[in-house]
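First comes the structure, then the notes that go with it.
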């Protein structure tokens, strides 16, 4: 039993309640009575991982099956990791406190590129070989899913199989298959071959990748008869009837999103050209008002949370949002539960929504124009006008707000210095709007925060062909922005660390040859790359240099339309022709209708067997 | 709205000993919310469940004598209330009884602990190390205070050892420590001081709070 060893160390670490389990609603089963044990790993800290909705869904879904037991595993914070290694405590799961190396499956959800080294570190902490080829038949099958596996190639050496697309059905199919084959005493290879026949399962070792002289991919060819030429993602057809948890595990320590969450819709109608989520989660599917209300009530009652949040890529695009909110607030007001609404679009912002948001708290309002000029907003297909931004800000100021936070990206395709100056001009206009508004709060000055991320071109977007801006270009853009802001006291500018964005770009669009770099970076001590206090840019650069990895080739190169991408054998239904079309429209500064207005023929309707919306 | 002040005695054990004081507040609020008892909410712009813990418990310490003050909006049967709350409690937190409060927080003066020291060192040796420590004229420690930074404090006069027991490899110490507004020495201070002064490498130390007492010596309730 690890319990005694763990408990002895807990008083020595920060926030120990996250390492011992026992939270309300956590599921404990008798391990002798289950067929398949699944260690669901989130490759980041407990407080980040416990906030992740996908994990909550799959955890409950698997545990609902009597013969499966799914447990939670997070990356221990370095203070505890050090003690675990010193005391030879292997990575364990929170429900049973059993080592994950004894499980049937170890499953990672991969939400961002900056957690790749944590995956290796967790496998190592589990006392398992990090490379798939070094793991023997008596060790767990290591699987991974989540948005990043749309290009899983930089992780191909470490993971036995990837789960492409939405997990609710395919996870159960995979575990059923395993239960059946385990009884027969099949080998790991036999299992992987059978799994590869399931739609949505990608076994990277069953594919050979060849390269051209210029370093680009020549072909990705199956080397096993069980592997399909292209692997199609899985899609849940009906959101209204898909499984959703009745309860969440309630943590003791404060986590990032410490509230109940109801997913109200999946996919997005908007088609912003930089946004990977907007394409890989297509088609748009929503839940009915009845379902949303029922799930809200159930989650509030079983968790005791005082806040519920409606989650999606764009919650204001829910067709009957007004009716849903009206019904929900009847319940939440009665029960003294706060209702929070993230992901609201500027153009859908209304007095009613504002009042709803204000009931919860009156801290900041955040809008995401993403670009400073209409020209560039058209390039990225944001489909928001300056008038709409001004209207939303006016509503906010009328409602007593004295500040707004604005999100932008620097380094977008076709961006010029004028576009950068447009960010400053927009902020100045909002400042003027505030002071001209007779309804504003008297005696208070405005505070505008401009937060700039660096654009990272992502696979499965119309901008997958685009280069990322170089470090010098970004420095120049930052200077242009700072120089063009007049009222520095009222307008505060901040940006994400560019040195992080470049690693994201390399890993996001990387190929299989980057596995060595990920491995070497981990060997060099890289972990928690998403955390400023741990990110070691120099160590990564040293590894890239040592291995001869050309960052320009991966991140800063315009890729031609006919180049074979490292992820071309994965099919997310949105066609490459569509991405090319959209890329051309971007360069022509032309926008595309949203899916509700007019179908743009992205290809996903094939997957749903007809039109996504009525008969358009 | 009617407000009836109540005081619950509860147990903190198992997993729950690793819940920090701040997190305990949240855990209790959520449990109360799940239980649907007619709890009293603070009356303000942002109403929340009113809770107060008269005395904090150090992380890692077990107790069957913790107190939590809350209020209800209608008269309740205390046994039924206890049962309803316990159905919504996470593992390791258990309400042992509910009554109307008698004393105020400021009346608290002392807390008693049973501390089990485990070591490869023979228990007699542990005991004599403890006796040696208590024979000294002073036991000075660094105590952090909000206003004065770190100050030297002689805790010797404040440590009241009411008994000891030895068993193979084990030393049990029964100790009373100040827990009032003016001076509060938690069990970890005593444990750390003993470990430092004796130089013994304890393989485990297990502490349980057994009693909370008023300045006048009566049981706090």
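The values are calculated or read from the model by the stated rules, or taken from the named source; none is laboratory data. For clarity, every value in this text was computed on a predicted model and none was experimentally measured. Neighbour counts are summed over all protein chains in view; Cβ atoms, including those assigned to glycine, are modelled from backbone coordinates with ideal geometry.
Taken over the stretch A:155-182, the residue count meeting the criterion of being farther than 20 Å from residue A:243 by Cα and under 17 Å from the mean Cα position of the chain (by Cα) is 2. The condition (being in contact with a helix residue (DSSP H, G or I) (Cβ under 7 Å, 6 or more places away or on another chain), touching a residue at least 12 places away in the same chain (Cβ under 8 Å) and within 14 Å of chain B (Cβ to nearest Cβ)) is satisfied by just one residue among A:20, A:89, A:110, A:106: A:20. Could you go through the stretch A:238-256 and let me know if any residue there is surrounded by fewer than 21 Cβ atoms within 10 Å (Cβ to Cβ) and under 18 Å from the mean Cα position of the chain (by Cα). Within the stretch A:238-256, one or more residues are surrounded by fewer than 21 Cβ atoms within 10 Å (Cβ to Cβ) and under 18 Å from the mean Cα position of the chain (by Cα). Just one of the listed residues (A:408, A:397, A:460) is modelled with pLDDT of 95 or more and either surrounded by fewer than 20 Cβ atoms within 10 Å (Cβ to Cβ) or not in a strand (DSSP E or B) (or both), and it is A:460. Total residues in the stretch A:566-589 satisfying the condition of being part of a loop (DSSP other than H, G, I, E, B) and more than 21 Å from the chain's Cα centre (by Cα): the figure is 4. Taking the conditions (1) in contact with a strand residue (DSSP E or B) (Cβ under 9 Å, 6 or more places away or on another chain); (2) surrounded by fewer than 16 Cβ atoms within 10 Å (Cβ to Cβ); (3) at positive phi in turn, residue A:573 satisfies each one other than (2). Taken as a whole, the structure places residue A:333 among residues that are more than 17 Å from residue A:54 (Cα to Cα), within 14 Å of chain B (Cβ to nearest Cβ) and modelled with pLDDT under 90. All of A:103, A:80 fail the test of being buried (at least 19 other Cβ atoms within 10 Å of the Cβ) and in contact with a strand residue (DSSP E or B) (Cβ under 6 Å, 6 or more places away or on another chain), apart from A:103. Checked against the criterion of being in contact (Cβ under 8 Å) with a residue 24 or more places away in the chain, under 30 Å from residue A:299 (Cα atoms) and within 14 Å of another protein chain (Cβ to nearest Cβ), the stretch A:389-411 contains not a single residue that satisfies it.
Residue count for the stretch B:195-210 under the criterion of being modelled with pLDDT under 95 and away from chain A (no Cβ under 14 Å): the result is 5. Exactly one residue among B:32, B:108 is farther than 26 Å from residue A:16 by Cα, crowded, with 20+ Cβ neighbours inside 10 Å and touching a residue at least 24 places away in the same chain (Cβ under 8 Å), and that residue is B:108. Does residue B:184 satisfy the condition of being out of contact with any helix residue (DSSP H, G or I) (no Cβ under 6 Å at 6 or more places or on another chain), more than 18 Å from residue B:129 (Cα to Cα) and either at pLDDT below 95 or surrounded by fewer than 16 Cβ atoms within 10 Å (Cβ to Cβ) (or both)? Considered against the rule, which asks whether it is out of contact with any helix residue (DSSP H, G or I) (no Cβ under 6 Å at 6 or more places or on another chain), more than 18 Å from residue B:129 (Cα to Cα) and either at pLDDT below 95 or surrounded by fewer than 16 Cβ atoms within 10 Å (Cβ to Cβ) (or both), residue B:184 comes out as yes.
Among the strands (runs of 3 or more DSSP E) confined to the stretch B:117-171, the ones with at least 3 residues that are within 25 Å of residue B:210 (Cα to Cα) are located at B:160-167. Out of curiosity, is residue A:488 modelled with pLDDT under 95, surrounded by fewer than 21 Cβ atoms within 10 Å (Cβ to Cβ) and part of a loop (DSSP other than H, G, I, E, B)? Considered against the rule, which asks whether it is modelled with pLDDT under 95, surrounded by fewer than 21 Cβ atoms within 10 Å (Cβ to Cβ) and part of a loop (DSSP other than H, G, I, E, B), residue A:488 comes out as yes. Restricting the first member to the stretch A:291-305 and to residues that are more than 14 Å from chain B (Cβ to nearest Cβ) and buried (at least 22 other Cβ atoms within 10 Å of the Cβ), and the second to residues that are modelled with pLDDT under 95 and assigned to a helix (DSSP H, G or I), the beta-carbon pairs closer than 9 Å and six or more apart or on different chains are A:292/A:324; A:292/A:327; A:292/A:328; A:296/A:328; A:296/A:331; A:296/A:332. Taking helices (runs of 4 or more DSSP H) as the structural unit, those lying wholly within the stretch A:6-112 and holding at least 2 residues that are under 23 Å from the mean Cα position of the chain (by Cα) and modelled with pLDDT of 95 or more correspond to A:46-49, A:53-64. Given the conditions (1) outside any strand (DSSP E or B); (2) surrounded by 16 or more Cβ atoms within 10 Å (Cβ to Cβ), which single one is not true for residue B:216? Against the list (1) outside any strand (DSSP E or B); (2) surrounded by 16 or more Cβ atoms within 10 Å (Cβ to Cβ), residue B:216 comes up short only on (2). Of the residues making up the stretch A:514-529, none is in a loop (DSSP other than H, G, I, E, B) and under 20 Å from residue A:277 (Cα atoms).
Selection over the stretch B:187-205 of residues that are exposed (fewer than 14 other Cβ atoms within 10 Å of the Cβ) and touching a strand residue (DSSP E or B) at 6+ places or on another chain (Cβ under 6 Å) gives a count of 2. Of all residues in the stretch A:152-162, none are surrounded by fewer than 20 Cβ atoms within 10 Å (Cβ to Cβ), within 26 Å of residue A:64 (Cα to Cα), in the same structural domain as residue A:49 (by TED's automatic domain parsing) and modelled with pLDDT of 95 or more.
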